[in-house]
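Derivation of every value follows stated rules applied to the coordinates shown; laboratory data play no part. Computed from a predicted structure; not experimentally measured. Cβ: placed from backbone, ideal geometry, glycine included. Neighbour counts: every protein chain shown.
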Amino acid sequence: MDFRPASSVLNLRELKLELALSLLEQAGYPLPPRAEAASAVLLQSVIDGLCDLSLRDALTGLANRRHFRAVLEREIDRVARTGESALLLILDIDHFKRINDTHGHEAGDQVIQAVGRRLAECVRPMDTVARYGGEEFAIVLPNCQPTFGLVVAERMRAAIQGLPVKLRSGQNAHLTVSVGGAFAPQWVRSSVSLWMERADLQLYCAKSEGRNRVCLEQTPVSSVTAEEKGMLFGVGTASEAEAAADE
Ligand SMILES: Nc1nc2c(ncn2[C@@H]2O[C@H](COP(=O)(O)OP(=O)(O)OP(=O)(O)O)[C@@H](O)[C@H]2O)c(=O)[nH]1
């Protein structure tokens, strides 16, 4: 085993340290002075900075899709072990294309940033807000009782409705959002994709019922799919799972 400091073992050119440093400087990460180049302290802060950067959405600074899916994975594990409720919300800005078309793409970006900031203000420190796609956000609320779910989702919807975004042009953009949500099935090891699908279905309902509304899956405990029953009972196919669940 070689216990020499990293700087003498590694070829710094191969490490592409300059590229990493300029990426982090651009993103506004605090770094130790360059005089400490190649020190263990600098290398560690570059590694920490790059890890953090890889988990964040560049436009909003919120969790990105990769990070969010990892958080959901952990939450599914916790709900299966503890039986605690957890709520997943998917929130989509209504008629966002009109904002781009009317005010331009840069204004659209400003709106996405403002919505992200507002959502982050509406949640507890233990919750995770992510920008999941273009004008779509996802929020996971661990330890969220079903009775509280609708309250918090409504609070978010109302917070965005009451937020006129001041654009650089001086104009105000008035927004609404549609929200779909589903609870993780308690005591069951579901999957990220199934949970997302359930919440997405509710978002689709909110959009098709007229937008600017919240739709939550009604039956968090009994609405376990055949696939999830399969995971619970450890059987192979959906039909085997249904048979096992009926026994
Ligand atoms: N400015 C900006 N626009 C984006 C970004 N990502 C996606 N978009 C735009 O978001 C728009 C989404 O439009 P649609 O999927 O038709 O949805 P919508 O207009 O919000 O309509 P509904 O969701 O049905 O209410 C498209 O015009 C995309 O080009 C982004 O990062 N910045």
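Tabulated data for the structure shown
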item	result
Positive minus negative residues near Leu119 (Lys, Arg vs Asp, Glu; Cβ under 10 Å)	+1
Inter-probe distance in nm under a simple model that places probes 7 Å from Cα toward Cβ, at Lys16 and Tyr29	1.4
Cut-off 12 Å between beta-carbons: net charge of the residues surrounding Ala130, Lys and Arg +1, Asp and Glu -1	+2
Residue (of Pro125, Asn100, Leu194) at the positive-pole extreme of the stretch 65-220, dipole from beta-carbon charges	Pro125
Summed side-chain charge close to Gly108 - residues other than Gly108 whose Cβ falls under 10 Å, Lys, Arg +1, Asp, Glu -1	-2
Full-stretch length increase - Val192, Gln113 - with 0.36 nm per residue and alpha-carbon distance subtracted	25.9 nm
Segment Leu201-Glu154, extension gain: residue separation times 0.36 nm, minus the distance between their alpha carbons	15.2 nm
Cα-centre dipole for the stretch 16-160 with unit charges at Cβ (Lys and Arg positive, Asp and Glu negative), debye to 20	220
Using a Förster distance of 22 Å, the FRET efficiency for Arg98-Ser208 (Cβ separation, nearest 0.05)	0.75
Likely footprinting exposure, Arg69, Arg81, Arg131, fewest C-beta neighbours within 10 Å first	Arg81, Arg69, Arg131
